[in-house]
Ligand SMILES: Cc1ncc(COP(=O)(O)O)c(C=O)c1O
Ligand SMILES: [Zn+2]
């Protein structure tokens, strides 16, 4: 692949040819990053070529993705999700330029579809027949969908308490599911061991270098949808740290290609008890250390973030910062988002709004700045949590008198 120079370790800098290292760095175990020949890609990918490209999916960016053959793209439409100008929601915080990127509008209702699409395309190019992933739920649901009609066996490892709608998605698309009696971190470790033992292709977040590549397309879309204006701040919920580092990669790719000239500051939002990236970012050595990891927001419930180093790098390089929010603040954010910008978010995704509120309150984001809030997953993914944040429906008999009584009471 001419456009891809190879893989580079984000910890020690060692470079590899694409086929030389599969996942982590063979020298130090660090995560790998895909390196591109930007000078070559610059000739093909410009404002003009993008403008003329009718493809409204992540594959409009194939020139800067690690996939060679357009025939190896899985047959599911991923990406080009809406970016709303959120005037009502913004006004609540005195922000006049708030944008909400609704990535719950992907095929399995989460941003993870972007990563799965690229990982599956890569697996197809490698002629893999079995693909596996450990997941809090969304990555697995999306992997199951992307491989649903393909001749590729999909084996999933999830913590036993993964929300039922996510498990339903995996089952419907025909994946084999191993529910692990443990945490996401336990499922992750078991999945790595299993793929080494059986030779399966592994899509794990923060282990497979191609997931970050898929996720960066969300940043490309934000730039295009804002007509090449970079937002000042991009607010992202963080668990493993792969989404935030993916978005950062996207912005830096576009700058290296001369498509944008300014970079945003990245803002990480973590749950109070699942805050390993924030702690590492604020520590002198920047090292990731495990934390308790427990939060109602299952998608960001992580003890040891698997792409934590890249996430800390994104925060440091962009001059950004991290905030934490409580479970109560996350739950409260769900109806606020829905009523402020018409988007139903799952708890992890709503955390970004809770985090933005905190950042504004602490004076870290001010009016005059443009802010993009990334909503990473749809609320139907976890209705049990959503129901905790709202009241119950009013139950009456099918009777006009009863309705009139209720209408008077509620001032319909
Ligand atoms: C909806 C949602 N939001 C946020 C995240 C966090 O992404 P990352 O683990 O890459 O930090 C995930 C990951 O599972 C997710 O599914
Ligand atoms: Zn290394």
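The values are calculated or read from the model by the stated rules, or taken from the named source; none is laboratory data. Computed from a prediction, not measured in an experiment: that's the story for all the values here. Here the Cβ is made from the backbone with ideal geometry for all residues, glycine too, and neighbour counts use every protein chain on show.
Per the conditions (1) touching a helix residue (DSSP H, G or I) at 6+ places or on another chain (Cβ under 6 Å); (2) more than 16 Å from ligand 2 (Cβ to nearest atom); (3) in the same structural domain as residue 274 (by TED's automatic domain parsing), the sole criterion not satisfied by residue 310 is (2).
Residues are listed down the side, and each one gets a yes or a no for (1) in a helix (DSSP H, G or I); (2) under 21 Å from residue 248 (Cβ atoms):
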site	(1), (2)
296	no, no
303	no, no
317	yes, yes
324	no, yes
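Pairing each residue of segment 15-27 that is in contact (Cβ under 8 Å) with a residue 24 or more places away in the chain with any residue that is in a loop (DSSP other than H, G, I, E, B) and near ligand 2 (Cβ under 9 Å from one of its atoms), provided the two are 6+ apart or on different chains, yields C-beta distances under 9 Å for 23/31; 24/30; 24/31.
Could you list, in sequence order, the residues of segment 388-412 that are surrounded by 12 or more Cβ atoms within 10 Å (Cβ to Cβ) and under 40 Å from the mean Cα position of the chain (by Cα)? Of everything in segment 388-412, those that are surrounded by 12 or more Cβ atoms within 10 Å (Cβ to Cβ) and under 40 Å from the mean Cα position of the chain (by Cα) turn out to be 388, 389.
Of the residues 202, 275, which single one is under 21 Å from residue 122 (Cβ atoms) and in contact with a strand residue (DSSP E or B) (Cβ under 6 Å, 6 or more places away or on another chain)?
Working: 275 fails: under 21 Å from residue 122 (Cβ atoms).
Of 202, 275, the one residue that is under 21 Å from residue 122 (Cβ atoms) and in contact with a strand residue (DSSP E or B) (Cβ under 6 Å, 6 or more places away or on another chain) is 202.
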